[in-house]
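First, the structure itself, so that you have it in front of you.
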Amino acid sequence: MAVEIPTELEDLPTSKPHWIGREVKRVEDPSLVTGRTEFIDDVVLPRMLHCAILRSPFAHARISKIDTREAEALPGVLAVVTGEDALRWSYPAVTAPEGWGTHCIATDKARYVGEPVAAVAATSRYVAEDAIELITVDYEPLQAVADPFEAMKEGSPLVIEEKGSNVMLQRTFTWGDVDEAFAAADHVFSEKFRWNRVGANPTETFGAICEWDPMDLNLTVRGSIQSASNFGLGRVATFGLPSNRVNIISYAHGGSFGGKGGTRGTDVACLLSRKAGGRPVKWIEDRMEYLTAGGSQAWDRHYEASIAVRADGVVTGLRVKLVNDIGATGEGFGAINTAKPLAAFTGPYTIAVAQYDLTLTASNKLPESPCRGMGPPPHFFVLEQMMDIAARALDVDPAEFRRRNFIRADQFPYTIPSGNEYDSGSYEEVLDKALELAGYAELRRQQAEALEQGRLLGIGVASAIEPGVFDLNVYSVVGMQGTGVPEGATVSIDILGMVTVRVGFTLEGQGQYTLVSQIIADYFGVEMDSVRIAPLDTRSAPPSFGPGGSRLGVAITGAVLGACERIREKMAIVTAGLMQTEPANIELMDGRFRVKGVPGAEMTVAEVAGTMLARSDLLPPGIDPRPEATHVWTAPGRAPVDEEGRTKSYLTAAQAVHVVLVEIDRETGQVEILKYCLCDDCGTRLNPATVEGQTDGSVVQGIGAALLEEYAYDDEAQPLSTTFMEYLLPTINDVPLIEKVAVVTPSPFAPLGAKGCGEGAMHTTPAAVMCAVNDALAQLGTRATEVPAAPHRVWKLIREANEKPQGA
């Protein structure tokens with residue numbers, strides 16, 4: 001039965017929304033702030049063992065011998081596993097691109113520092129850690145490859161010998177006559193850029209408790225798992241089990257931002273449980289494990305970019321060449337970070353043609369994982385620097401240059417060259433509000449005054465798109481197949497009118513349980529306190545992907561509204577029977593089913609539910625007496641990609657403009673952010689407080705990426721950022737007051753007009769900060785092309801500029 005999902009607030013069965021669109025207290029918070037929320041490390045099961053993993057100290061080494069006898073003899077040790085066990089009981093990891101996976105424990109050689117080579121299950125973590133120190137491993141060190149350009153050369157050490165090459169994927173996408181656009185251009189601007197590895201770094205690292213049933217080989221995994229259903233399918237493939245024998249129980253987790261894969265450690269713990277006769281085995285990743293061997297690293301990129309520009313400042317073409325070092329394997333699905341830019345390749349601009357030359361390489365670094373933004377943040381950094389380079393060369397103000405190239409409000413829905421469709425927007429309005437908030441003209445006056453004093457002030461203006469509500473279709477270009485990403489919800493009303501919503505995801509920090517409560521409360525005219533959310537395991541839950549890709553707020557809204565619509569239709573039939581009229585004469589409004597045009601002929605939702613559950617004798621023949629329904633929502637209008645990777649992939653396109661003022665210390669290269677202003681448009685703001693929180697957090701992450709955070713490696717692929725002493729996260733001292741205003745252009749396609757906003761400012765902040773840095777450095781005739789713009793890099797640029805002969 002088809003269900004029409006409301007796309008406007010006015011379509012809800014309420015005369016005026018009381019909850020949706022308002023800042024409300026989050027229903028998740030009382031449990032969190034009182035310490036009553038159960039996280040995976042709080043869980044203790046009977047007979048539970050603890051896992052410790054022995055990891056390779058070498059980036060590339062043959063394993064000639066492993067001796068585990070002393071570890072096995074240590075009191076308290078119940079099981080030890082090595083690569084032999086992984087070969088016997090598991091398969092190589094499923095990857096994208098396909099065929100670039102290895103087993104969860106190194107079998108023949110180690111391919112990166114931190115790769116598991118053995119593991120122990122013992123009665124305590126302390127015993128397990130002592131035991132792995134008793135395991136001796138004979139390594140034959142091999143030459144490592146840490147540079148993607150070296151990796152591509154003939155004769156380079158092969159990370160996976162069976163592949164015969166370190167090139168995982170090479171493909172060029174061409175959308176339109178790019179050569180003609182560049183040949184006809186009045187100006188062509190080109191530059192190279194380097195984006196170093198960054199990562200998610202959630203407060204809580206990954207953890208899991210794995211338990212085999214030795215009789216029928218059922219596998220239960222409890223953990224801090226972001227997407228339980230997909231995680232379960234991965235374990236099905238790894239262990240060759242029927243899908244209904246794997247059950248994933250996700251616990252509330254302290255953030256994720258995509259970087260919480262945990263598959264290797266989980267699979268190792270599964271092997272240990274099997275070898276220990278089915279006893280549950282807990283593995284909690286420590287912080288150093290996360291930094292060096294977890295789902296921590298993303299976006300190891302080398303760019304070459306060119307734009308074609310007319311004399312009047314209109315950009316007519318874009319070329320981007322990207323070489324991305326994926327790391328040792330494709331198991332972390334880091335490749336999809338390079339596919340997502342297709343959803344917003346030309347940003348908010350009317351660039352008519354574009355080309356994307358993409359190469360993915362293997363190296364002896366940690367396999368890349370997803371990270372907040374899933375790939376476009378580095379792409380927008382490059383695009384926005386190119387816009388500034390062109391504007392500066394043409395002597396056009398950077399804000400005005402962007403205005404000339406913006407998609408106009410009357411052009412939506414707008415299809416970009418790479419095939420995705422933007423739903424709505426008012427980009428010039430967003431720009432104007434951001435400039436007004438920042439006092440842009442005054443900032444330029446301050447900059448000129450500072451220059452006279454010898455100070456380096458820079459102003460960055462940047463705009464980017466946040467693609468929201470992803471579809472798997474676009475990821476097929478790197479080998480991850482599928483079309484449609486389901487999100488389901490079951491809504492039940494009990495005999496007293498209380499509502500329970502069953503979902504397939506757990507708490508992660510974005511306030512989705514609050515959002516669900518708001519929707520139910522407005523739809524059925526109840527208080528938010530009357531709604532409870534029940535997360536289910538994968539055997540019980542409706543189909544669900546969960547959070548990720550700026551999708552869940554929109555997707556769960558669609559799922560809940562669909563279930564509510566189904567209940568409304570069922571209850572309307574019941575009410576019609578009781579009122580002796582036709583169902584078409586019944587409407588739901590403000591929590592009451594009423595006969596149209598007959599004042600007083602009405603029943604509350606609770607009364608109808610009570611009748612259905614307690615007076616079946618009064619129900620129409622054949623009616624299902626349960627006031628309950630399940631709906632599974634997927635984004636409409638999705639289709640597989642064409643031969644050039646074009647498709648409608650992401651359902652919504654939020655947009656933002658950020659204005660940043662920075663000052664650079666000439667003596668140290670330190671960048672200080674003096675002012676940060678932004679305006680964004682994410683459609684209907686279902687819960688403005690949640691949007692604001694997501695925005696603030698993503699600005700902070702973006703500042704970290706632009707100025708501080710880097711997973712560095714030496715030439716031998718040894719990691720140099722193994723603690724927070726080397727991997728620098730932004731603190732309160734690095735983040736200015738964030739001033740915000742909003743524009744609202746509801747999506748015509750999404751439930752209630754909302755757009756995905758979970759990744760938020762991460763798409764725009766690194767670009768905006770770097771635009772500001774380069775605006776300051778332009779006064780010295782130089783620019784920063786490598787991220788992060790750490791003090792030592794900026795200081796070097798200043799020194800080189802000062803040493804450059806006059807007129808050079």
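Could we say that residue 699 is open to solvent by less than 30 Å² (accessible area, probe 1.4 Å), of a type in the set (A, V, I, L, M) and within 30 Å of residue 560 (Cβ to Cβ) here?
yes
If you take the residues in the range 213-226 that are closer than 30 Å to residue 701 by Cα and open to solvent by 20 Å² or more (accessible area, probe 1.4 Å), which one is farthest from the chain's Cα centre (by Cα)?
222
Could you check the range 67-96 and list, in sequence order, the residues that are farther than 21 Å from residue 270 by Cβ and at pLDDT 95 or above?
Across the range 67-96, the qualifying residues are 67, 69, 70, 73, 74, 75.
From 709, 726, grab the single residue that is part of a loop (DSSP other than H, G, I, E, B) and open to solvent by 40 Å² or more (accessible area, probe 1.4 Å).
Result: 726 is the single residue among 709, 726 that is part of a loop (DSSP other than H, G, I, E, B) and open to solvent by 40 Å² or more (accessible area, probe 1.4 Å).
Separate question: Run residue 545 past the list (1) at pLDDT below 95; (2) of a type outside the set (Asp, Glu); (3) open to solvent by 40 Å² or more (accessible area, probe 1.4 Å) and report the number of the one that doesn't hold.
So the condition that residue 545 fails would be (3).
Those residues that are of a type in the set (Gly, Ala, Ser) and free of Cβ contacts under 8 Å to residues at least 40 places away in the same chain, I need them from the range 500-539; list them, please.
Once the filter is applied, which keeps residues that are of a type in the set (Gly, Ala, Ser) and free of Cβ contacts under 8 Å to residues at least 40 places away in the same chain, the range 500-539 yields 530, 534.
Listed residues 599, 621, 627; which is touching a residue at least 40 places away in the same chain (Cβ under 8 Å) and either of a type outside the set (S, T, N, Q) or over 30 Å from residue 417 (Cβ atoms) (or both)?
Every option except 627 fails the conditions.
Sticking with this one: Looking at (1) outside any loop (DSSP other than H, G, I, E, B); (2) within 28 Å of the chain's Cα centre (by Cα); (3) under 22 Å from residue 310 (Cβ atoms); (4) in contact (Cβ under 8 Å) with a residue 40 or more places away in the chain, which is the only condition residue 428 fails?
(4)
Please verify whether residue 233 is within 22 Å of residue 200 (Cα to Cα) and hydrophobic (A, V, I, L, M, F, W, C), treating the condition exactly as stated. Outline the logic, then answer.
Values: within 22 Å of residue 200 (Cα to Cα): no; hydrophobic (A, V, I, L, M, F, W, C): yes.
No: the conditions fail for residue 233.
Test residue 774 against the criterion of being part of a helix (DSSP H, G or I), touching an Asp or Glu at 6+ places or on another chain (Cβ under 7 Å) and either over 30 Å from residue 551 (Cα atoms) or assigned by TED's automatic domain parsing to the domain that holds residue 469 (or both), and give yes or no. Can you show your working first?
Values: part of a helix (DSSP H, G or I): yes; touching an Asp or Glu at 6+ places or on another chain (Cβ under 7 Å): yes; either over 30 Å from residue 551 (Cα atoms) or assigned by TED's automatic domain parsing to the domain that holds residue 469 (or both): yes.
When the stated conditions are applied, residue 774 passes them.
Quick one: in the range 31-78, of everything that is part of a strand (DSSP E or B) and closer than 15 Å to residue 209 by Cα, which residue is most open to solvent (accessible area, probe 1.4 Å)?
Within the range 31-78, the subset part of a strand (DSSP E or B) is 49-55, 61-67, 77-78.
Next, from what is left, pick out any that are closer than 15 Å to residue 209 by Cα: 49-53.
Working: 49: 0, 50: 45, 51: 0, 52: 0, 53: 13 Å².
So the residue we want is 50.
Identify the residue in the range 492-512 that is crowded, with 23+ Cβ neighbours inside 10 Å and touching a Lys or Arg at 6+ places or on another chain (Cβ under 8 Å) and, among all such residues, is farthest from residue 225 (Cα to Cα).
If we take residues in the range 492-512 being crowded, with 23+ Cβ neighbours inside 10 Å and touching a Lys or Arg at 6+ places or on another chain (Cβ under 8 Å), then 499 is farthest from residue 225 (Cα to Cα).
Which residues, counting only those in the range 431-451, are hydrophobic (A, V, I, L, M, F, W, C) and in contact (Cβ under 8 Å) with a residue 12 or more places away in the chain? Spell out the reasoning first.
We begin by selecting, within the range 431-451, every residue hydrophobic (A, V, I, L, M, F, W, C); these are 431, 434-435, 437-438, 441, 443, 448, 450-451.
Within the range 431-451, 431, 434, 435, 437, 438, 443, 450, 451 meet the criteria.
Checking residue 107 against (1) under 26 Å from residue 47 (Cα atoms); (2) open to solvent by 30 Å² or more (accessible area, probe 1.4 Å); (3) in a loop (DSSP other than H, G, I, E, B), which single condition isn't satisfied?
Every listed condition holds for residue 107 apart from (1).
Here are 5, 40: which of them is of a type outside the set (Asp, Glu), touching a Leu at 6+ places or on another chain (Cβ under 7 Å) and touching a residue at least 60 places away in the same chain (Cβ under 8 Å)?
Being of a type outside the set (Asp, Glu), touching a Leu at 6+ places or on another chain (Cβ under 7 Å) and touching a residue at least 60 places away in the same chain (Cβ under 8 Å) holds for just one of 5, 40, which is 5.
So which residues in the range 432-468 are assigned to a strand (DSSP E or B) and open to solvent by 10 Å² or more (accessible area, probe 1.4 Å), if there are any at all?
Result: 466, single match.
Please indicate, with yes or no, whether at least one residue in the range 523-534 is open to solvent by 10 Å² or more (accessible area, probe 1.4 Å), out of contact with any strand residue (DSSP E or B) (no Cβ under 9 Å at 6 or more places or on another chain), in a loop (DSSP other than H, G, I, E, B) and not polar (S, T, N, Q). Step through it out loud before you land on a result.
The first filter runs over the range 523-534 and keeps only residues open to solvent by 10 Å² or more (accessible area, probe 1.4 Å), leaving 525-530, 532-534.
Keeping just the survivors that are out of contact with any strand residue (DSSP E or B) (no Cβ under 9 Å at 6 or more places or on another chain) gives 527-529.
Those left that are additionally in a loop (DSSP other than H, G, I, E, B): 527.
Next, only the ones that are not polar (S, T, N, Q) stay: 527.
Yes, there is a match, as at least one residue in the range 523-534 is open to solvent by 10 Å² or more (accessible area, probe 1.4 Å), out of contact with any strand residue (DSSP E or B) (no Cβ under 9 Å at 6 or more places or on another chain), in a loop (DSSP other than H, G, I, E, B) and not polar (S, T, N, Q).
The values are calculated or read from the model by the stated rules, or taken from the named source; none is laboratory data. All figures in this text were calculated on a predicted structure; none of them were measured in a lab. Neighbour counts are summed over all protein chains in view; Cβ atoms, including those assigned to glycine, are modelled from backbone coordinates with ideal geometry. Heavy atoms of the whole protein, side chains included, go into the accessibility calculation; ligands, DNA and RNA do not. Shrake-Rupley method; radii C 1.70, N 1.55, O 1.52, S 1.80 Å.
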